[in-house]
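To start, the structure under review is shown below, and the notes come after it.
The values are calculated or read from the model by the stated rules, or taken from the named source; none is laboratory data. Treat the numbers as computed from the prediction; the structure is a model and nothing was measured. In this analysis, Cβ positions are derived from the backbone assuming ideal geometry, glycine residues included, and neighbour counts consider all displayed protein chains. Accessible surface areas use protein heavy atoms only, side chains included; no ligands, DNA or RNA. Shrake-Rupley method; radii C 1.70, N 1.55, O 1.52, S 1.80 Å.
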Amino acid sequence: QVQLVESGGGLVQAGGSLRLSCAASGLTFGRNVMGWFRQAPGKEREFVTAITGGNTAYADSVRGRFTISRDNARNTVYLQMNSLKPEDTAVYYCAAGPSWSVKLYSDSTYDYWGQGTQVTVSS
C-alpha cells in the first residue's frame, strides 16, 4: 500500500520560510517522479514543482523562491519555500507518478497523493 505523508506546514509571516516534507512508503521511491501541488480556497489545484531522477520543474509563480529536492535513502521529498507571499496560502499536496512521466505539471500524471498540509502566509 502506497502512502505519502506530508508534514511541515504552518503559519508564517510574509517573507518567511517553511520546509515541507513528504515521506513515501510502499513504492520504489527512486523510480518515481515526485511532485508538489497546492489548492487555495475556491481555486483549482495547481502545479507547484516536480522532480525526476535528475531534473526539476517549477511553476512560474514559485520559480526562484521554492526549491524541491529528494533524499532517496530516506524516501522523502522536500519543498523549501522562501520569500513566502500571502498568495502562497493553500493546502500543499505531495504526489508520486511513474518515472517516465513527461507532463510533470499535470495532476493526471500522478497516481498517488498525500493528505495535504496547510500553509498559511499572513501579510
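Details
- The numbered conditions (1) in contact (Cβ under 8 Å) with a residue 60 or more places away in the chain; (2) within 19 Å of Ala24 (Cβ to Cβ); (3) under 12 Å from the mean Cα position of the chain (by Cα); (4) open to solvent by less than 50 Å² (accessible area, probe 1.4 Å) are all true for Trp113 except (4).
- Of note, Arg31 does not satisfy the criterion of being open to solvent by 20 Å² or more (accessible area, probe 1.4 Å), more than 17 Å from Gly97 (Cβ to Cβ) and out of contact with any Phe, Trp or Tyr (no Cβ under 9 Å at 6 or more places or on another chain).
- Condition broken by Phe37, with the remaining ones in (1) of a type outside the set (Val, Ile, Thr); (2) surrounded by 20 or more Cβ atoms within 10 Å (Cβ to Cβ); (3) not in a strand (DSSP E or B) satisfied: (3)
- Exclusive hit being in contact with a helix residue (DSSP H, G or I) (Cβ under 8 Å, 6 or more places away or on another chain), of a type in the set (Gly, Ala, Ser) and open to solvent by 50 Å² or more (accessible area, probe 1.4 Å), set Gly42, Gly53: Gly53
- When the residues of segment 4-34 are filtered to those that are free of Cβ contacts under 8 Å to residues at least 60 places away in the same chain and in a strand (DSSP E or B), the one that is farthest from Gln80 (Cα to Cα) is Ser25.
- Residue check, Ala73 more than 16 Å from Val2 (Cβ to Cβ), under 14 Å from the mean Cα position of the chain (by Cα) and hydrophobic (A, V, I, L, M, F, W, C): no
- Segment 80-98 residues that are open to solvent by less than 30 Å² (accessible area, probe 1.4 Å), paired with ones that are in a helix (DSSP H, G or I) (beta carbon under 6 Å, 6 or more apart): Gly97/Thr109
- Odd one out for Asn32, checked against (1) over 16 Å from the mean Cα position of the chain (by Cα); (2) of a type outside the set (Gly, Ala, Ser); (3) modelled with pLDDT under 95: (1)
- Restricting segment 63-79 to residues that are open to solvent by 60 Å² or more (accessible area, probe 1.4 Å) and in contact (Cβ under 8 Å) with a residue 12 or more places away in the chain, the residue that is farthest from Ala23 (Cα to Cα) is Thr67.
- Scan of segment 2-22 for residues that are open to solvent by 50 Å² or more (accessible area, probe 1.4 Å) and either in contact with a Phe, Trp or Tyr (Cβ under 9 Å, 6 or more places away or on another chain) or on the phi < 0 side of the Ramachandran plot (or both), ordered by number: Gln3, Val5, Ser7, Leu11, Gln13, Ala14, Ser17, Arg19
- Which listed residue is touching a Pro at 6+ places or on another chain (Cβ under 7 Å) and not acidic (Asp, Glu), from Val62, Val102, Val48, Val121: Val121
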